[in-house]
Amino acid sequence: LPEEPLDLENLIMDVRRFYLESRGRKDADFKLSLPDEMPKIRGDLSQLSQLLHNLVSNAYKYGHKAKPVTVKVEPNRSGSMLRLSVTDQGDGIAVDHIPRLTERFYRVDKGRSKAIGGTGLGLAIVKHITQRHGGRMEITSELGVGTTVSVYLPVMKESATADESGKAAGEAVTNL
Ligand code: ATP
Ligand code: MG
């Protein structure tokens with residue numbers, strides 16, 4: 001992975017712009033919730049933008065047409081992981097199916113899903129990319145209410161760089 005932190009906010013804005021400009025979505029169809037200070041993560045720009053595209057595309061495909069999709073970024077409780085989640089208000093997924101959604105070519109066998117079309121690779125790719133970034137994935141869903149797919153990615157440790165920048169043993173480092 002690149003050494004430099006990834007500009008996640010810019011990545012999200014690019015995906016948002018794609019849906020607004022090329023997919024005819026309205027401003028209100030794409031809700032954003034970003035923290036005041038973005039946790040820094042290391043990541044591959046094209047892989048993480050594919051990951052977000054896959055999640056947002058599912059949210060629009062399987063969510064209700066008139067309901068917005070929400071992309072949210074927040075630190076987890078300890079601040080060690082960043083949670084990136086995409087929430088839709090749609091039919092939801094029966095709990096028995098959820099463990100299999102990240103299998104390649106697995107699609108929930110419903111008339112609606114078949115009619116919508118897709119290859120069943122999107123979430124398998126999301127899982128693969130998440131793992132390559134040292135993260136994990138979580139899916140929560142409620143039938144008739146909607147679905148949230150979250151990925152947790154490790155946050156860069158700011159103070160770790162002080163150790164590598166040539167400080168003598170026993171020297172105190174105070175980050176202000
Ligand atoms: P592809 O992404 O390859 O075009 P796909 O969308 O069918 O095809 P996945 O993104 O891997 O494949 O999703 C697998 C299946 O999980 C979908 O076919 C659908 O049945 C179900 N699914 C995924 N996301 C949602 C969601 N947000 N709400 C309801 N069902 C979902
Ligand atoms: Mg998909």
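Please treat every number below as a calculation from the coordinates, not as lab data. Because the structure is predicted, anything quoted here is derived from the model rather than measured. Positions of Cβ are backbone-derived with ideal geometry, glycine not excepted, and every protein chain shown enters the neighbour counts.
Normalised by the residues of segment 1-74, what does the relative contact order come to in percent, with Cα pairs under 8 Å and at least six apart? Worked out over segment 1-74, it gives 46 percent. With the simple model of a label 7 Å out from the Cα in the direction of the Cβ, Val173 to Asp14 spans 3.0 nm. Here is the list for segment 58-159: GluC sites (Glu not before Pro) lying in DSSP coil, each with at most 15 other C-beta atoms within 10 angstrom of its C-beta, are Glu103, Glu158.
Note on the chain: GNM, Cα springs under 10 Å; of Gly90, Gly122, Gly24, the largest mean-square fluctuation is that of Gly24.
Placing a pseudo-label 7 Å from each Cα along the Cα-to-Cβ vector at Lys67 and Arg100 gives an inter-label distance of 2.4 nm. Label positions at Lys26 and Arg132, each projected 7 Å from the Cα along the C-beta direction, are separated by 3.8 nm.
When you filter the GluC sites (Glu not before Pro) in segment 1-46 for DSSP loop state and at most 14 other Cβ atoms inside 10 Å of their Cβ, you are left with Glu3, Glu37. Of the candidates Arg136, Arg16, Arg104, which one comes out as most mobile in a Gaussian network treatment of the chain with C-alpha springs shorter than 10 Å? The residue with the greatest mean-square fluctuation here is Arg104. Taken about its Cα centre, segment 1-123 carries a charge dipole of roughly 680 debye when the Cβ of each Lys and Arg holds +1 and the Cβ of each Asp and Glu holds -1. Of Leu51, Ala115, Met81, which is farthest along the charge dipole of segment 9-119 in the positive direction, counting Lys and Arg as +1 and Asp and Glu as -1 at C-beta? Toward the positive end, the furthest listed residue is Ala115. Taking the chain as a Gaussian network of alpha-carbon nodes connected by springs under 10 Å, the highest mean-square fluctuation of the residues Ile116, Ile129, Ile98 belongs to Ile116.
Pairs from the list Lys40/Lys65; Lys72/Lys127; Lys40/Lys67; Lys127/Lys157 with a Cα-Cα gap above 29 Å: Lys40/Lys65; Lys40/Lys67.
Within straight-line reach of Lys26, meaning a Cα separation under 16 Å, sit the following aspartates and glutamates at least 8 residues removed in sequence or on another chain: Asp14, Asp88.
Membrane-span-like helices in the chain (whole DSSP H runs, Cα extent of at least 20 Å along the helix axis, mean Kyte-Doolittle hydropathy of at least 0.0): none found. Stretched out straight at 0.36 nm per residue, the stretch from Ile139 to Ser33 would grow longer than its current Cα-Cα span by 36.3 nm.
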